[in-house]
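Here's the structure, in structure tokens; my notes come after.
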Amino acid sequence: MMHRAHTFFLCVVLSLGAWTSAAEADGGAVVWTGERLGAAAAILVSPASPRVGTIDVAWIGDPRAAMQVVATHESGVRITAVCLASDAAKETHAQLLLSTAGAWRIEIQPNAAVNAAPVSVELVVDEAMPNWSSFALYLFAWVPLAAIGGFAAARRMRGLRVG
Amino acid sequence: MPAEVLPSNGFLLSAPLVCAAALLSSLVYGRGWRTLRRKGVAARGRFTAFRMAAFFGGWSALLLALASPLDAVAERLLSAHMVQHILLTMVAPPLFWLSLPAMPMLFGVGTAARTAILAPLLSAPVVRLMLRALGHPLVGFSTIALATIAWHMPSAYTLALRDPWWHQAEHACMFVAGMLFWLCVIAPFPYANRWPRIAMVPYLVAADLVNTAVSAYLAFSSVPVYAWYANIGPAYGTDPLLDQQLAAGLMWVPGSVLYLGGAILITISYLFPHRVHPRARRIPLTVLPKRPPSHEGDLLQTPLVGRALRSSGARLTLRCVLLALVLCIVLDGLLGSQDAPMNLAGTVPWTHWRGVAIVAILAVGNVACMACPLLAPRSLLRKWFTPTRALPRALRSKWIAVALVVAWLVAYEAFDLWSSPLAIAMIVLGFIVVATAVDMCFAGASFCRSLCPIGQYQMLLGTVSARSVRAIDAAVCARCVTHDCLKGRRGQGGEFRPGCGLDLFIPKKIGNLDCTFCLDCVNACPHQNVGVLPVLPCAELANAGWRSQVGTLAARVDVAALALVFTFGAAVNAAGMTAPVLRVLEASAGVIGAGGTLAQACFVVGGIACGFGLSSAAAGMSSVGSFRERFARLSFAFLPLGAAIWFAHFVFHLVTGFATAEVAGLRVLHDLGWVSASPDRVMSCCAPAPAWLMPVELLTLSLGVSGALGVYWWSIVEMRAREALARSFSSVLYGWIPGAVCILLVWAVAAWIMFQPMEMRGTFGFE
């Protein structure tokens, strides 16, 4: 009875799951949507809250090889990268190493050959994640708590033994 | 800007911690102050509104110094930095002592914490000796003089400005020195100063002399004393020397006013002895008796919310309203855009409901089950038909729930449930149909108790909650012969008031395990002896003895397995959204060659299996009790840590994705033709995480791991006591260490997850 119930519920849940789309390009934030080259297109940036370091810029739409991504910082610093094919269908992506926090303009030319209108989006990049040691106060807040608890426990047990 | 004048991030370090401490201590003080005032006229005369105002005044000064823009300005202007120091040493400490904090704080923490932790701690000879030494006027004067002179020396001051940690140390020194100094001057009840009151006059004058010497040195110096401000001042258009003279004036004049003003007041009180209050007598901890049974803290006694919660009609209305909301989400999932971030079904259940529910459960108890919309059809249909058949015994264990929760986690990760509004709508509909069908076939709350995976998750969260449904007075239950809380009864109007659908007998009920907070027992009890009362979070997990309906908890391996799935499922679920784990999964999918679904399913199942292996290994290394009991006890001890991981994860989504509901709602309104403009798809994404979020997440983890270590400790103590083994500290420690190492390992993994870049779910789904 139990075995059959397990199987039944597992089948129900798994069959519901099977209806869903298996999104290969999991994660990221959609920063632009629109139409280019006669098809719907979008730009995804990963991680969703970009910080100083490597960010992934993905173009979803009609794929074109050798698309160039240009990132320009508000101070004038310019970084370029070439898009590579992705495992996911209709996706090409490039990785950019952004070294400075602040406002960046990301520009993608979907197809220079046919002179398609370039896509340009603004991206605010945060400072790099602080080192874990700068959060040590919060990270190890349990140490004094455990010490106090341990001391109280030792005292209590001594009291119990004496009693 | 040269590296030496870069601003430090001291604000980030201290502000969230100070805010959290302010909130927590204010709650504790307020509770204790109210309790003391209820104790009689004498207490009301001592703990006046002025005391409360002084406490909040102290915190306001501290927050202004450490958690306001003043902290940032202090790195640029010496005068602002000096204001910070004045607040820390001369304003906040006397205000805190004027609030007489000792007794309200002791009464505010609750009986359990007072007797289990504070009483043994404060009665320890070493602690008493230390407190007595710290309260000596010589110590108070020495520390304030040392802190004032040492921290104003150029090398120490510059070190504090360059390094955020030293900056925090400087502030901590100033505040502690201020507290110790003003303790002898204010002499708050029940502190007894060993020096006569008049001796405080030269004490204050001497402190003023030190303050004057440092101020005069700064005021009459012809060059800027601190290189930091000399370098940074011109960049901000300020004159460093003028700024230094202003700072010296601020230190000198208000400082002297406070010190000498205090001395004058004491002299006046000495000259007019009839105004002098009698010296406070020392109060031993035995004056803190166990409270008699009362409604104190009962949520059901609060003016508006309590009345609504006591009414079965109001509870049913709440469920019906939520059911209507759920049906709207289902309709949007079925008929609306299948772009998950733009659909109510793709955002509200995953981002908002989960976050709000976990906060509410931890604060108030399992209110998420109480408001569960799945109960609405059952409540309505049972007005006409009440099933009497019990759920088959084979289905009453938690093994089905274990399988369902694992299946749910696998489906969530491997099939990306969150990305398909249609699937979500179908699952919700399926839940409503199955729950109603089960509850119409079997008596009580059969679906909630054994089959609902969400309910099991929420009940486990409830075990670390700060409130529990329990009897107010055990003596009333002992006299009761009708047991209506279990069986139900007819009301005065002839209507039937059902008893507990989960067969929990209130006098024998311990904690929140298996309790859905439906509050039927509140209406069924003819003695109004059931309340939603405050409890020590996690305390029920250390008590693994017999309890109503559950039986002997330590013998319930199925519940232990559920607890492990809960904890390790939390870690796996959170890890599944981090960039490094996703990269590994993508690489593994390529190696396996079977796509990402299998890799993610293996990741979830493997992660949970690792948890079982780890717990079994740790339980096997100890010798106290049976292996089965050790395994169960360790599994229950993991629950606070599991709850902390879930909390950190869901609150992250709630905070960063809060705006997604607005976008999905606007899209629905646009589809209905009520709003002309269609919201931009870009708006549906997550906001950057605010600076306070990471400290809150890490603090929650710290609380979780502390709770887990504490629960496991008391579990070992209880096991040794039952086996009549020697209960020495070291023997318990040896039994505790393997499990504690295991708990710390999970904590380390969870902390690592918190520091990883997060790949926000539900932001993809573009077609």
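The values are calculated or read from the model by the stated rules, or taken from the named source; none is laboratory data. Predicted model, so just to flag it, every value in this text is computed and none were measured. Because the Cβ atoms are built from the backbone with ideal geometry, glycine has one as well, and the counts that use them run over all protein chains shown. Just the protein is used for accessible areas: all its heavy atoms, side chains included, with ligands, DNA and RNA removed. Shrake-Rupley method; radii C 1.70, N 1.55, O 1.52, S 1.80 Å.
Have a look at B:Ala601, B:Ala632 and point out the one that is among the hydrophobic types (A, V, I, L, M, F, W, C) and open to solvent by less than 10 Å² (accessible area, probe 1.4 Å).
Criteria check complete, one pass: B:Ala632.
State whether the residues of the stretch B:150-160 include one that is under 21 Å from B:Ala192 (Cα atoms), aliphatic (A, V, I, L, M) and part of a helix (DSSP H, G or I).
Within the stretch B:150-160, not a single residue is under 21 Å from B:Ala192 (Cα atoms), aliphatic (A, V, I, L, M) and part of a helix (DSSP H, G or I).
Name the helices (runs of 4 or more DSSP H) wholly within the stretch B:410-507 that hold at least 3 residues that are of a type in the set (Val, Ile, Thr) and touching a Pro at 6+ places or on another chain (Cβ under 8 Å)?
Here the list reads B:421-441.
On the basis of being open to solvent by less than 20 Å² (accessible area, probe 1.4 Å) and not assigned by TED's automatic domain parsing to the domain that holds B:Phe647, does B:Leu562 make the cut?
Answer is no for this residue.
Each row is one residue, and each column tells you yes or no for (1) assigned to a helix (DSSP H, G or I); (2) surrounded by fewer than 22 Cβ atoms within 10 Å (Cβ to Cβ); (3) more than 9 Å from every other protein chain (Cβ to nearest Cβ); (4) at pLDDT 90 or above.
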{"site": "B:Phe650", "(1), (2), (3), (4)": "yes, no, yes, yes"}
{"site": "B:Leu666", "(1), (2), (3), (4)": "yes, yes, yes, no"}
{"site": "B:Leu699", "(1), (2), (3), (4)": "yes, yes, no, yes"}
{"site": "B:Ala708", "(1), (2), (3), (4)": "yes, no, yes, yes"}
{"site": "B:Met719", "(1), (2), (3), (4)": "yes, yes, yes, no"}
{"site": "B:Tyr734", "(1), (2), (3), (4)": "yes, yes, yes, no"}
{"site": "B:Ile737", "(1), (2), (3), (4)": "yes, yes, yes, yes"}
{"site": "B:Val749", "(1), (2), (3), (4)": "yes, yes, yes, yes"}
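Considering only residues that are open to solvent by 30 Å² or more (accessible area, probe 1.4 Å) and assigned to a strand (DSSP E or B), which ones fall in the stretch A:43-55?
Within the stretch A:43-55, A:Arg51, A:Thr54 meet the criteria.
For the stretch B:541-558, indicate whether the set of residues that are at pLDDT 90 or above and of a type in the set (Lys, Arg) is non-empty.
Within the stretch B:541-558, one or more residues are at pLDDT 90 or above and of a type in the set (Lys, Arg).
Can we say B:Asp503 is open to solvent by less than 50 Å² (accessible area, probe 1.4 Å), touching a residue at least 40 places away in the same chain (Cβ under 8 Å) and on the phi > 0 side of the Ramachandran plot?
Judged against the criteria, B:Asp503 is not a match.
Can you name the residue in the stretch B:597-640 that is under 26 Å from B:Leu417 (Cα atoms) and of a type in the set (S, T, N, Q) and, of all such residues, is modelled with the highest pLDDT?
Of everything passing the filter in the stretch B:597-640, B:Gln600 is modelled with the highest pLDDT.
Report, by residue number, each residue of the stretch A:118-135 that is under 26 Å from A:Gln68 (Cβ atoms) and hydroxyl-bearing (Ser, Thr, Tyr).
A:Ser120 - this is the single residue of the stretch A:118-135 that is under 26 Å from A:Gln68 (Cβ atoms) and hydroxyl-bearing (Ser, Thr, Tyr).
Going residue by residue through the stretch B:235-247, is there one that turns out to be part of a helix (DSSP H, G or I) and among the hydroxyl-bearing types (Ser, Thr, Tyr)?
The answer is no; no qualifying residue exists.
Can you find even one residue in the stretch B:112-122 that is buried (at least 19 other Cβ atoms within 10 Å of the Cβ), β-branched (Val, Ile, Thr), within 14 Å of chain A (Cβ to nearest Cβ) and assigned to a helix (DSSP H, G or I)?
Yes, because at least one residue in the stretch B:112-122 is buried (at least 19 other Cβ atoms within 10 Å of the Cβ), β-branched (Val, Ile, Thr), within 14 Å of chain A (Cβ to nearest Cβ) and assigned to a helix (DSSP H, G or I).
Got at least one residue in the stretch A:120-139 being in contact with a Gly (Cβ under 7 Å, 6 or more places away or on another chain), more than 9 Å from chain B (Cβ to nearest Cβ) and buried (at least 19 other Cβ atoms within 10 Å of the Cβ)?
Yes, the stretch A:120-139 contains at least one residue that is in contact with a Gly (Cβ under 7 Å, 6 or more places away or on another chain), more than 9 Å from chain B (Cβ to nearest Cβ) and buried (at least 19 other Cβ atoms within 10 Å of the Cβ).
Could you tell me whether any residue of the stretch B:619-639 is within 14 Å of another protein chain (Cβ to nearest Cβ) and touching a Phe, Trp or Tyr at 6+ places or on another chain (Cβ under 9 Å)?
yes
Please go through the stretch B:418-447 and give me each residue that is without any contact (Cβ under 8 Å) to a residue 60 or more places away in the chain and either within 30 Å of B:Gly551 (Cβ to Cβ) or in the same structural domain as B:Ala589 (by TED's automatic domain parsing) (or both), ordered by number.
Result: B:Phe431, B:Val434, B:Ala437, B:Val438, B:Cys441, B:Phe442, B:Ala443, B:Gly444, B:Ser446.
Of everything in the stretch B:466-485 that's buried (at least 20 other Cβ atoms within 10 Å of the Cβ) and of a type in the set (A, V, I, L, M), which residue is farthest from B:Gln528 (Cα to Cα)?
B:Val469
Regarding B:Arg727, is this residue surrounded by fewer than 21 Cβ atoms within 10 Å (Cβ to Cβ), within 9 Å of another protein chain (Cβ to nearest Cβ), modelled with pLDDT under 85 and part of a loop (DSSP other than H, G, I, E, B)?
yes
Any idea which of (1) farther than 29 Å from B:Arg667 by Cβ; (2) open to solvent by 30 Å² or more (accessible area, probe 1.4 Å); (3) over 29 Å from the mean Cα position of the chain (by Cα) is the one B:Val406 doesn't satisfy?
Failing condition for B:Val406: (3).
Checking the structure you have, find out if any residue of the stretch B:393-409 is assigned to a helix (DSSP H, G or I) and hydroxyl-bearing (Ser, Thr, Tyr).
Taking every residue of the stretch B:393-409 in turn, none turns out to be assigned to a helix (DSSP H, G or I) and hydroxyl-bearing (Ser, Thr, Tyr).
Do the conditions hold for B:Ala72, that is, is it more than 25 Å from the chain's Cα centre (by Cα) and either among the aromatic types (Phe, Trp, Tyr) or buried (at least 24 other Cβ atoms within 10 Å of the Cβ) (or both)?
Judged against the criteria, B:Ala72 is not a match.
Could you tell me whether A:Val30 is closer than 30 Å to B:Leu429 by Cβ, in contact with a Cys (Cβ under 7 Å, 6 or more places away or on another chain), of a type outside the set (D, E, K, R) and at pLDDT 70 or above?
yes
Report yes if some residue within the stretch B:123-131 is small (Gly, Ala, Ser), in contact with a helix residue (DSSP H, G or I) (Cβ under 6 Å, 6 or more places away or on another chain) and in the same structural domain as B:Ala21 (by TED's automatic domain parsing); otherwise report no.
Yes; the residues of the stretch B:123-131 include at least one that is small (Gly, Ala, Ser), in contact with a helix residue (DSSP H, G or I) (Cβ under 6 Å, 6 or more places away or on another chain) and in the same structural domain as B:Ala21 (by TED's automatic domain parsing).
For the stretch A:101-116, enumerate the residues that are surrounded by 12 or more Cβ atoms within 10 Å (Cβ to Cβ), modelled with pLDDT under 80 and in a loop (DSSP other than H, G, I, E, B).
Answer for the stretch A:101-116, where residues must be surrounded by 12 or more Cβ atoms within 10 Å (Cβ to Cβ), modelled with pLDDT under 80 and in a loop (DSSP other than H, G, I, E, B): A:Pro110, A:Asn111, A:Ala116.
Find all pairs meeting these conditions: Cβ atoms under 8 angstrom apart; at least six residues apart or on different chains; first residue within the stretch B:250-278 and at pLDDT 80 or above; second residue small (Gly, Ala, Ser).
Once the first residue is at pLDDT 80 or above and sits in the stretch B:250-278, its partners that are small (Gly, Ala, Ser) give B:Leu250/B:Ser79; B:Met251/B:Ser215; B:Trp252/B:Ser215; B:Trp252/B:Ala216; B:Trp252/B:Ala219; B:Gly255/B:Ser215; B:Tyr259/B:Ala207.
Only one of these conditions is not met by B:Ser337: (1) open to solvent by 30 Å² or more (accessible area, probe 1.4 Å); (2) assigned to a helix (DSSP H, G or I); (3) touching an Asp or Glu at 6+ places or on another chain (Cβ under 8 Å). Which number is it?
Of everything listed in (1) open to solvent by 30 Å² or more (accessible area, probe 1.4 Å); (2) assigned to a helix (DSSP H, G or I); (3) touching an Asp or Glu at 6+ places or on another chain (Cβ under 8 Å), B:Ser337 misses just condition (2).
Looking only at the stretch B:675-687, decide whether some residue is at pLDDT 90 or above and either open to solvent by less than 40 Å² (accessible area, probe 1.4 Å) or not in a helix (DSSP H, G or I) (or both).
Scanning the stretch B:675-687, I find no residue that is at pLDDT 90 or above and either open to solvent by less than 40 Å² (accessible area, probe 1.4 Å) or not in a helix (DSSP H, G or I) (or both), so the answer is no.
For the stretch B:422-432, indicate whether the set of residues that are at pLDDT 90 or above, away from every other protein chain (no Cβ under 11 Å) and within 33 Å of the chain's Cα centre (by Cα) is non-empty.
yes
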